[in-house]
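Below is one structure, written out as C-alpha cells; comments come after it.
The values are calculated or read from the model by the stated rules, or taken from the named source; none is laboratory data. All figures in this text were calculated on a predicted structure; none of them were measured in a lab. No Cβ is skipped: glycine too gets one built from the backbone with ideal geometry, and neighbour counts run over all protein chains shown.
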Amino acid sequence: MVNKAWERLFSKAIMTLEEGNWLRAVQYLKRSCELYPDQVDAHCELADIYIQLGHLDAAHEIVQQALAVDPLDASCNFLLGNIYLAQGRLRDALKIYLYLEKMTEEPTPELLFNIASAFDKKGDKKKALNYAIYATEEDPSYIEAYELTGRLFFEMGELPEAKSAYQEILTIERNNANARQMLYVIYTRENRISEIK
C-alpha cells in the first residue's frame, strides 16, 4: 500500500520539477528518500536529476540505496547503467542494459539507444548501428537515434543510408541544424565521388 503522505510529497516534487525548479524538487526528493526509504520512485527521480546535472557520484549513491530496497527495479538499474555509461564504464553499462533488454518483452527506445551508444563508445559500430536502427523502429520520432544512425552510416562510408537517416530527421524537425549540416557534407562528398568516376 502506498503511503499517502509519501504520495503527496512525491507529487509536490514532480510538480515543482515540471515547473522548472529542480533545486526545490531535489529538496523534496531528498526529504522523501529520508522519510520513506522504501519508496524507490523518489530515489530514481533524484538520481535522474543528479545525472542530468553531472553529479554522478551523488546519483550512484542514491541508486545504490534504491537497489538495496529493490534490486530488480528496472528504472533504478537503467539509471545505474546510465551512470556507468557517463563514467565510461562501458562493460558495466552494457551488462545492465543487455540484462534489462532480456528481461523486458518490449525494450524502450531509450534503452535501445543507450545500448547503441555504449556499443558505439566501445568501438563496435555494427552492433551500435543495429541497436540505433532498432530504437528508430520502436520510436519513429527519436531524433537522437536517427542522428546516431546517420553518423554511424557516414563513418562506415554508407552515404545513401546516412543521407536517409538525416532526411528522416528533417521530416520530424524541419530546421534541425545538425541534419542539414550533415546532408550538406554528404551531398558535397557524393558530388566529389561522382566527379572522380
Every residue from the stretch 65-77 that is surrounded by fewer than 22 Cβ atoms within 10 Å (Cβ to Cβ) and under 21 Å from K30 (Cβ atoms): Q65, L67, A68, V69, D70, D73, S75
E137 acidic (D, E) and at pLDDT below 95: no
Criterion: surrounded by fewer than 19 Cβ atoms within 10 Å (Cβ to Cβ) and not assigned by TED's automatic domain parsing to the domain that holds I62 - qualifying residue of Y142, Y184: Y184
